[in-house]
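Report on the structure given below.
The values are calculated or read from the model by the stated rules, or taken from the named source; none is laboratory data. Everything quoted here is computed from the prediction, not taken from an experiment. We place every Cβ from the backbone using ideal geometry, glycine too, and count neighbours over all the protein chains shown.
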Amino acid sequence: MVWTHAANTFLTAELRATPWFETLTSYHGLIAPAFFWIAGYARAHVTLHKTKPAWPVAKRLLIVWLIGYLMHVPWDRLLDAQAMRAVATVDVLHCLAISGLILLAVEKLGKRREVAALVLLVVLVGLEKPAREWHTGILVLDQYFSRLHGSQFALFPWVGFGLAGFITRRAWDGFPNRSATAVMLVGAAFAWGLSRMPFQDGLPAFFLERLGWVMMAAVLVAVVASSVSRFTGWLRLAGRESLLLYVAHLMLIHSIPLPRLPLQHLIGPTQSVGGVLGLFIGLFVISWLLGAWNERRKKALMSGC
């Protein structure tokens with residue numbers, strides 16, 4: 001996710017117009033679905049055998065939702081009414097926050113929670129096409145319905161990826177075993193089978209294909225992680241603090257003035273592949289250090305209790 005945003009922001013227009021970048025973009029398109037899927041899986045995992053208080057998580061999600069809006073504020077044109085319309089733009093943080101809030105509600109249903117998640121998944125993914133026609137006249141609301149209103153992401157079908165991860169945790173514990181084989185096969189059926197069916201307007205082929213690839217990638221990661229676990233502690237920390245890393249690197253790129261403008265405008269699309277790689281490493285290291293600090297802070301608070 002850090003590399004994708006760095007490449008999309010800082011790579012020169014000439015390089016982004018090349019065939020290899022077009023191919024790379026297709027792989028970049030799996031990052032957001034994977035992040036939603038992991039969020040759903042992780043929430044189901046920590047609440048599978050015991051309940052967790054909802055308010056601390058809801059508070060963090062509401063903060064993420066607020067940050068999503070703040071990141072679109074044109075701080076240099078606050079008096080420009082047309083520019084301020086950008087604040088209503090819905091992107092991944094908004095959808096991620098609302099997906100998390102939906103999962104908090106679903107998990108309170110106890111033994112029926114996976115069934116409820118499946119029903120919601122089918123409904124919300126199925127609403128992708130009808131939602132294109134929804135129009136209330138209130139820009140802040142309409143942005144959530146469809147990208148046709150100007151948003152970068154929309155609730156339909158993105159919430160479905162989080163619900164799919166939530167459901168998968170009931171069937172698979174994350175280790176390379178028989179259940180992992182079943183997840184791999186289902187993923188393959190989605191990516192290469194069902195997504196190739198002649199759906200009207202290609203729906204829900206987009207959702208099924210990306211969900212399939214994400215499920216297969218999750219199994220592959222589980223297999224690799226089991227053999228190199230001694231060397232991946234730093235990466236597991238990034239996973240535990242993934243939401244913080246996500247927000248931190250986006251703010252570094254788009255919001256925090258360094259020294260006068262955010263990196264998005266201070267550097268802009270001027271970099272070669274090597275330059276983008278250097279920026280990616282720097283953004284990841286800074287975000288990771290913030291994640292490590294946050295983990296130590298939480299441990300200190302728990303030990304103080």
**Message:** Which residue is farthest from VAL247 (Cα to Cα), if the candidates are limited to the stretch 272-289 and must be of a type outside the set (A, V, I, L, M) and in a helix (DSSP H, G or I)?
**Reply:** GLY274
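Results for (1) of a type in the set (Val, Ile, Thr); (2) more than 24 Å from ALA205 (Cβ to Cβ); (3) modelled with pLDDT of 95 or more; (4) out of contact with any Ser or Thr (no Cβ under 6 Å at 6 or more places or on another chain), shown as yes or no for each residue.
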position: ARG60; (1), (2), (3), (4): no, yes, no, yes
position: ASP91; (1), (2), (3), (4): no, no, no, yes
position: LEU101; (1), (2), (3), (4): no, yes, yes, yes
position: ARG112; (1), (2), (3), (4): no, yes, no, yes
position: VAL125; (1), (2), (3), (4): yes, no, no, yes
position: ALA131; (1), (2), (3), (4): no, no, no, no
**Message:** Looking only at the stretch 257-266, count every residue that is in a loop (DSSP other than H, G, I, E, B) and surrounded by 15 or more Cβ atoms within 10 Å (Cβ to Cβ) and tell me the total.
**Reply:** 1
**Item:** Residue check for ARG230: without any contact (Cβ under 8 Å) to a residue 40 or more places away in the chain, assigned to a helix (DSSP H, G or I) and out of contact with any helix residue (DSSP H, G or I) (no Cβ under 9 Å at 6 or more places or on another chain)
**Value:** yes
**Request:** Could you list all residues from the stretch 10-23 that are surrounded by 16 or more Cβ atoms within 10 Å (Cβ to Cβ) and either of a type in the set (Phe, Trp, Tyr) or out of contact with any strand residue (DSSP E or B) (no Cβ under 9 Å at 6 or more places or on another chain) (or both)?
**Result:** PHE10, PHE21
**Request:** All but one of (1) surrounded by fewer than 12 Cβ atoms within 10 Å (Cβ to Cβ); (2) free of Cβ contacts under 8 Å to residues at least 12 places away in the same chain hold for ILE281, so report the exception by its number.
**Result:** (1)
**Asked** Residue check, HIS249 against (1) surrounded by fewer than 17 Cβ atoms within 10 Å (Cβ to Cβ); (2) in a helix (DSSP H, G or I), all met but one. Which one?
**Response** (1)
**Prompt:** Regarding PRO269, is this residue outside any helix (DSSP H, G or I), at pLDDT 95 or above and either more than 19 Å from the chain's Cα centre (by Cα) or closer than 28 Å to HIS94 by Cβ (or both)?
**Reply:** yes
**Message:** For the stretch 23-30, check the following and say yes or no: at least one residue is more than 23 Å from VAL2 (Cα to Cα), over 17 Å from the mean Cα position of the chain (by Cα) and among the polar types (S, T, N, Q).
**Reply:** no
**Message:** Being under 24 Å from LEU96 (Cα atoms), modelled with pLDDT under 90 and out of contact with any Gly (no Cβ under 6 Å at 6 or more places or on another chain) is the requirement here; does ALA225 meet it?
**Reply:** no
**Request:** Scan the stretch 106-145 for residues that are buried (at least 17 other Cβ atoms within 10 Å of the Cβ), in a loop (DSSP other than H, G, I, E, B) and charged (D, E, K, R) and jot them down.
**Result:** ARG132
